Each structure stands twice: as structure tokens, then as C-alpha cells.
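This report refers to the structure that appears directly beneath it.
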Amino acid sequence: MQNWAGHSAIVTGGASGLGAATAAKLAEAGLTVTLFDRNEEKGRAQAAAIGGHFAMVDVSDPASVAAGIELAVERAGVPRVLVNCAGIGGAAKTVSRGAPHDFGLFEKTLRVNLMGSFNCASQVAARMVAEDPVDKDGARGVIVNTASVAAFDGQVGQLAYAASKGGIVSMTLPMARDLADKGIRVCTVAPGLFMTPLLEELPPEVQDSLGAQVPFPSRLGDPEEYAAMVCHITENSMLNGEVIRIDGAIRMAPR
């Protein structure tokens, strides 16, 4: 088991939802966390609440990511843990009312979800490899990406979102293999229906209806359950190159 207490971490999308819960959990484990997000007000508040730092970062922009990493290194040292939670949704069919799927929406979804995860992972990994190992195995760091069950069970209207998350799934093993000889592990978590800011906006009866679709437990997932999985991945040295569904055994229907 690896203990990262006393080291630093970066969590993208850390101002709310899965990212905020993960940042708090990592802080509890003794890491100094820098939150990357575009929501400055929520980001700074969350960072202050966990004794961490905030950087306004657009994960789809390599220069913005580089600046955020530089800030994180200056304040807390080279990160040994990266968790990519930043992402966007959006719904559109391949063809709707005779019109093709908007290319701009498809491109933006891939840029933020897939390319954003790649941007952060590749740039942080380049910092990690220059650091000394922390244990006898030669460990230098851990990268955890966030996919979705939509990568496997994409629903009607989830073309862009499912493609972006499927790309993250496919990226996991080759990235883990690329970084294996450098002591950096890579895993991906694929959450199902979780209580995120998007779902919090829905009426309680709709939330209950969605939760009832989950075989067991028949409810929406708690972001803290996602965060607990991420923390276990960071600590369990043999978890590498794997995509882990955390979904209560749900398999999404077409609609």
C-alpha cells in the first residue's frame, strides 16, 4: 500500500461534485490539494475549506494547464496524485429533425472531457517522472481519470459524451503501459448515476426515479463513495491500467 500523506495532489473540476468530494478526501488523507476549475468563487471556497489551493484552469487549453501546474508546484510541490474530474455534458442526436449533430458541440465535448484529461495527465506525468521514487517499488505518482458508464452504455443523445468517455477508457491501458517503467500508475473510474450538481437541479421525484433504476443500492451514488474509490486506487499499489465501474450494477437502457 502506498501512503501519499505529506505530498501534493491536483484535482480537476474540484470546485463541486465528484471533484470537490475527492479533493476533500485526499486532504483528509494528508495531501495538499490544488483544485483546477473555471468557477473561481466555488473553487476558492472549496480550497479554503480543505486547506488547499485554487487555480483557474481550462483543461482543454494546454497553456492554461501548464500555468496551473506551475502554480500548484510553487505552492505545494510537484504533485504525486492527479485526479481528472473536469467534464461537461450536453445532449444531441446524430440526426435530429433532419439536421446533423452540431460539430461544435461534439468537438467541445471531446476537447474538455477527453483532451482535457490527456492534457493534464501528460503534463503532470512529465513533472512526476523527474522526482525521486517514494518507495521500494519505485513509485512516483498516480493518475486517476474519470470516465462514465456512458462509455459502455451510451444512451440516445449521448453520442458526444459517450465518445469522450469511451476515449478515456481506451486511453487508460496504453497510458499505464507508457508510464509503467517510470513508476506512475494510471486507472480510470467509471461512475454511474451520482448526485452531482447537474442532478441536484432536478426535482426530487426525478432524482428518486433515477435512483430506482439502480439495482442495489437503489439510489443515486454519493460523491463521497466515488472519492473513496479514488483514494483506494491511490493507495493500492497493484491497481494499474484498470477501468473500474462504480454504479450499483446499473446497465443503462437506450433512453
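The values are calculated or read from the model by the stated rules, or taken from the named source; none is laboratory data. In this text the structure is predicted, and so the values were computed from the model without any measurement. Positions of Cβ are generated from backbone atoms using ideal geometry, with glycine treated the same way; all protein chains shown enter the neighbour counts.
Failed condition for residue 62, given (1) surrounded by 15 or more Cβ atoms within 10 Å (Cβ to Cβ); (2) farther than 30 Å from residue 221 by Cβ; (3) more than 18 Å from the chain's Cα centre (by Cα), with all others met? Condition (3) is where residue 62 drops out.
Among 185, 127, which is buried (at least 18 other Cβ atoms within 10 Å of the Cβ) and in a helix (DSSP H, G or I)? Break it down into steps so the answer makes sense when it comes.
Numbers: 185 fails: in a helix (DSSP H, G or I).
Unique residue meeting the criteria: 127.
Just to verify a result, which residue in the range 26-42, among those that are surrounded by fewer than 24 Cβ atoms within 10 Å (Cβ to Cβ) and part of a helix (DSSP H, G or I), is farthest from the chain's Cα centre (by Cα)? Filtering the range 26-42 for residues that are surrounded by fewer than 24 Cβ atoms within 10 Å (Cβ to Cβ) and part of a helix (DSSP H, G or I), the one farthest from the chain's Cα centre (by Cα) comes out as 41.
Within the range 216-234, not a single residue is touching a residue at least 12 places away in the same chain (Cβ under 8 Å), closer than 23 Å to residue 29 by Cα, out of contact with any Gly (no Cβ under 7 Å at 6 or more places or on another chain) and in a strand (DSSP E or B).
For the range 52-100, the set of residues classified as of a type in the set (A, V, I, L, M), at pLDDT 95 or above and closer than 17 Å to residue 15 by Cβ consists of 55, 56, 57, 59, 65, 71, 72, 82, 83, 86, listed by residue number. Kindly establish whether residue 64 is over 16 Å from residue 228 (Cβ atoms), part of a helix (DSSP H, G or I) and small (Gly, Ala, Ser). Here the answer is yes, as residue 64 does meet what is asked.
Residues that are part of a helix (DSSP H, G or I) and touching a helix residue (DSSP H, G or I) at 6+ places or on another chain (Cβ under 8 Å) were ranked within the range 81-107; the one that is surrounded by the most Cβ atoms within 10 Å (Cβ to Cβ) is 106. In the list 86, 67, which residue meets the criterion of being free of Cβ contacts under 8 Å to residues at least 40 places away in the same chain, closer than 19 Å to residue 40 by Cβ and among the aliphatic types (A, V, I, L, M)? That would be 67, the only listed residue that is free of Cβ contacts under 8 Å to residues at least 40 places away in the same chain, closer than 19 Å to residue 40 by Cβ and among the aliphatic types (A, V, I, L, M).
Among the residues making up the range 192-214, those that are free of Cβ contacts under 8 Å to residues at least 60 places away in the same chain and either assigned to a helix (DSSP H, G or I) or among the charged types (D, E, K, R) (or both) are 199, 200, 201, 204, 205, 206, 207, 208, 209, 210, 211, 212.
Of all residues in the range 145-182, those that are under 21 Å from residue 100 (Cα atoms) and in a loop (DSSP other than H, G, I, E, B) total 4. Within the range 185-216, being under 21 Å from residue 19 (Cα atoms), among the β-branched types (Val, Ile, Thr) and modelled with pLDDT of 95 or more holds for 186, 188, 189.
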